[in-house]
1. Whether any residue in the stretch 248-259 is surrounded by fewer than 18 Cβ atoms within 10 Å (Cβ to Cβ), in a loop (DSSP other than H, G, I, E, B), polar (S, T, N, Q) and modelled with pLDDT of 95 or more is what I want to check.
2. Working only within the stretch 190-227, note down all residues that are within 16 Å of ligand 2 (Cβ to nearest atom), in contact with an Asp or Glu (Cβ under 8 Å, 6 or more places away or on another chain) and assigned to a strand (DSSP E or B).
3. For the condition small (G, A, S) and over 28 Å from T186 (Cα atoms), what is the one hit in S275, S290?
4. Among the residues of the stretch 172-189, which ones are more than 10 Å from ligand 1 (Cβ to nearest atom), part of a loop (DSSP other than H, G, I, E, B) and surrounded by fewer than 24 Cβ atoms within 10 Å (Cβ to Cβ)?
5. Go through the stretch 301-333 and give me each residue that's at pLDDT below 95 and either assigned to a helix (DSSP H, G or I) or in contact with a Gly (Cβ under 6 Å, 6 or more places away or on another chain) (or both).
6. Could you check the stretch 57-83 and list, in sequence order, the residues that are within 20 Å of A116 (Cα to Cα) and outside any loop (DSSP other than H, G, I, E, B)?
7. Just checking, how many residues over the stretch 20-36 are more than 13 Å from G145 (Cβ to Cβ) and crowded, with 24+ Cβ neighbours inside 10 Å?
8. Just the residues that are β-branched (V, I, T) and modelled with pLDDT of 95 or more, please, taken from the stretch 140-172.
Amino acid sequence: MSSLNRDHKKTTVLLASSANDLAEAAHILRHGGIVALPTETVYGLAANGLSSQAIARIFAAKNRPLNNPLIFHVKDQHRAKNLFDFSGLNPQVAIRFELLAASFWPGPLTMIAKKAPHIPKIATGNLASVAVRVPESEATRTIMGMLDFPLVMPSANLSTRPSPTCAEHVIKTLCGRIDAVVDGGTCDVGIESTIIKIDAEEVQILRPGMIDNQELEACLKEKVRPVTAQHHERPLAPGQSYLHYSPSVFSVELRHPSQITDEWHGEHIIFARTSDFLALEKERGERAKSAINILLSDDAKQYAAELYDALYACERSPEKTLVIISPPPDGEEWRAILDRLTRSAGVGQSPS
Ligand code: TXA
Ligand code: MG
């Protein structure tokens, strides 16, 4: 157990490198507690996925609307399969599941199909389907191996705030609201998993992530339907219609580099890929010494890994307007990042 614990009254900080701490996390989960765990995408807030009471604590701690379903996390493909009900379905559904699981798990892919009857309704927001993922983080896999139930794990942040990619981010929004956090360092991928829905006819992406259409299509040897606009009345992935990833600053705007005018020499925070920033600087001259510039990588994978930490860094200046300079809209590798940036600027969403 870490000494940080003294600073956080009710939320214990456990260390991923300590076998005792991992056993302690498993113990808390077995007793109906809620614990933030590292994964390769973002930190998740875990509870016993078969206990309605433990699951209810997650919705309360995150301030999450009850109609926004949770993702189940298990250690392997076999345990994942037990959470679905493939009986009576077109055999193509199970075949697609097996192919994708073999290629991408453990990893940043979440699959949705018809749920098994034993899954509590509260976990799926009353939907007939369930979302399942096998995460890669070693510490979390060790904890899952000690448990005889699946975990539900939404991202470990207060609803509407950016997702956490390190234990400090979790503490920032959930300290005192959850029992513990296992500190496993920084997440490699940095943005949430790709979510797909498997039907008899096709596979559709509901939330873009770092596993893209092309990779899924190469595995399935068939077309995958890309993300379509979500209708507010009946969204396919309910969480996708809420305000998300929103840092606590005065306001957030997303602009194409050509739309940057007075902001350049104003007090706004400029948030950009390094190459876009340098190109603007060449055109318009240096910004004021006091101006805040948040520069991210030109490489999409690296940018994703830096994204949420950079959004949290902007919160050091809560009174300022954040101007995010949009990466290219046509690059497939930037699609998931653009999705998160658009949501963080609150374009086309309603607050949850
Ligand atoms: O990478 C991730 O997926 C992370 C880590 C912790 O694994 N988890 C995560 O969970 O992002 P969360 O709760 O923040 O996002 C889950 C999304 C929501 O948009 C939710 O509406 C959707 O998945 N979802 C869950 N179950 C669903 C279902 N049965 N049908 C449609 N959408 C579902
Ligand atoms: Mg989330």
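The values are calculated or read from the model by the stated rules, or taken from the named source; none is laboratory data. Nothing here was measured: the structure is a model prediction, and the numbers come from that model. Here the Cβ positions follow ideal geometry from the backbone for every residue, glycine too, while neighbour counts run over all protein chains shown.
1. no
2. If the condition is that a residue be within 16 Å of ligand 2 (Cβ to nearest atom), in contact with an Asp or Glu (Cβ under 8 Å, 6 or more places away or on another chain) and assigned to a strand (DSSP E or B), then T194, R207 are the ones that fit.
3. S290 is the lone residue from the list that is small (G, A, S) and over 28 Å from T186 (Cα atoms).
4. C175, G176, R177, D179, G184, G185, T186, D188
5. Answer for the stretch 301-333, where residues must be at pLDDT below 95 and either assigned to a helix (DSSP H, G or I) or in contact with a Gly (Cβ under 6 Å, 6 or more places away or on another chain) (or both): E332, E333.
6. I71, F72, H73, Q77, H78, R79, A80, K81
7. Qualifying residue count, the stretch 20-36: 3.
8. T140, T142, I143, V152, T165, V170, I171
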